[in-house]
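Heads up: the structure comes next, in structure tokens.
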Amino acid sequence: MADNGNPFGNWKHFEELFNGIASAQQGKVPDMGWVDKFIQNVMKQTVPAALGNALKPQQAAPASPAGQLETEVFETHRNVIVRIRIPAQVNPRNLQLFANSSKVKIEGPGKNVQFVRLPALVHSNSSKAEYQDGILQLQLRKKMNSDRFDELYIRFL
């Protein structure tokens, strides 16, 4: 990634590039294309490492069994997103969704039921679902882990 853990790469090269800014202040007009290249390079090196697998599908149904809907589950910093592909022969208005802190339940006509396990605990009461172009997308806000301590009051009997 960089010399001696430096996220900016070769420090001498970095200083040379920023000398171009100093020469611009002296009335010379340097080529500033290096700034764009520099920022793109830093982003390529740092962003994928920082995000890890957060934007990759956590769970996907590659080939759904008969009667099962294809689902994909994504996790961002604050939300769990569930995408459900609704086949053309299924009327999405006949579906019902239910959520608890760890699962989503999809109920269809004829008592068809499908569960989707979530990769993190969520606030089910602040969730939303939207349907567009054959995709039903659920956005569920994560419960944040907290190391905060709340005081417990002692009741003396």
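Things to note:
- Amide H within-cut-off set for LEU118, under 5 Å, with H built and near neighbours excluded: LYS103, VAL104
- Relative to the Cα centre, the charge distribution of region 63-157, modelled as +1 at Lys and Arg Cβ and -1 at Asp and Glu Cβ, gives a dipole magnitude of about 180 debye.
- Overall size of region 90-144 from C-alpha positions, given as principal axis extents largest first: 35, 23, 17 Å.
Read-outs: derived from the displayed coordinates by stated rules, not from any lab. Being a predicted model, the structure only gives us computed values, none of them experimental. All Cβ positions, glycine included, derive from the backbone under ideal geometry; neighbour counts span all protein chains shown.
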